[in-house]
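J.: Below: one structure in structure tokens.
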Amino acid sequence: MEISIGQKTESIKTYTANLVHEFAELVGDKNPIHLNAEYASNSLFKQPIAHGMLVASQISELIASRLPGPGSIYLEQNLRFLKPVYYGDTIKCKVEVLDIEIKGNVVLKTDCENQNGITVISGTAKVKLLK
């Protein structure tokens, strides 16, 4: 696949309570802000939130499967967690090619927004093309 500046792709995923609980089991992050409604009700967020890294993994899925796609290797990722993702939120993750470096590295804009169009994660990634 030919990579060009401005090229984009996106995916959409809904973050259910079940998905959040499965992620907590998988990675061991059992912070009650993610898993316990009573605990979360007394927090800044007032309800449980998805793990930021769970939502950010949607970026990884896009990079690995679509842009640049299979054969690319993550070199770095910068993330800013701007807003919480609540159970039931639907997130649109977007990846856009910002730059193609001489060494075969690609710089990507990586953003996630909720169903209301509010950016919840913003960042950039650098990926190596092996093809």
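Every number in this text was worked out from the coordinates using simple rules, so none of it is lab data. None of the values given here were measured: they were computed from a predicted structure. Counting neighbours? That spans all protein chains shown, and the Cβs are built from the backbone with ideal geometry, glycine included.
J.: What are the residues in segment 116-131 that are exposed (fewer than 15 other Cβ atoms within 10 Å of the Cβ) and basic (Lys, Arg), if any?
T.: Within segment 116-131, the first condition is being exposed (fewer than 15 other Cβ atoms within 10 Å of the Cβ), and the residues that meet it are 116-119, 130-131.
The one that is exposed (fewer than 15 other Cβ atoms within 10 Å of the Cβ) and basic (Lys, Arg): LYS131.
J.: Another question, if that's okay. Quickly run through segment 78-131 and pick out the residues that are free of Cβ contacts under 8 Å to residues at least 40 places away in the same chain and farther than 30 Å from GLN47 by Cβ.
T.: Filtering segment 78-131 for residues free of Cβ contacts under 8 Å to residues at least 40 places away in the same chain gives 83-84, 101-105, 107, 109, 111, 113-119.
Correct list: GLU101, ILE102, LYS103, GLY104, ASN105, VAL107.
J.: PRO32: without any contact (Cβ under 8 Å) to a residue 40 or more places away in the chain and touching a strand residue (DSSP E or B) at 6+ places or on another chain (Cβ under 6 Å), yes or no? Don't jump to the end; show me each part of the working.
T.: Numbers: without any contact (Cβ under 8 Å) to a residue 40 or more places away in the chain: yes; touching a strand residue (DSSP E or B) at 6+ places or on another chain (Cβ under 6 Å): no.
Criteria not met by PRO32.
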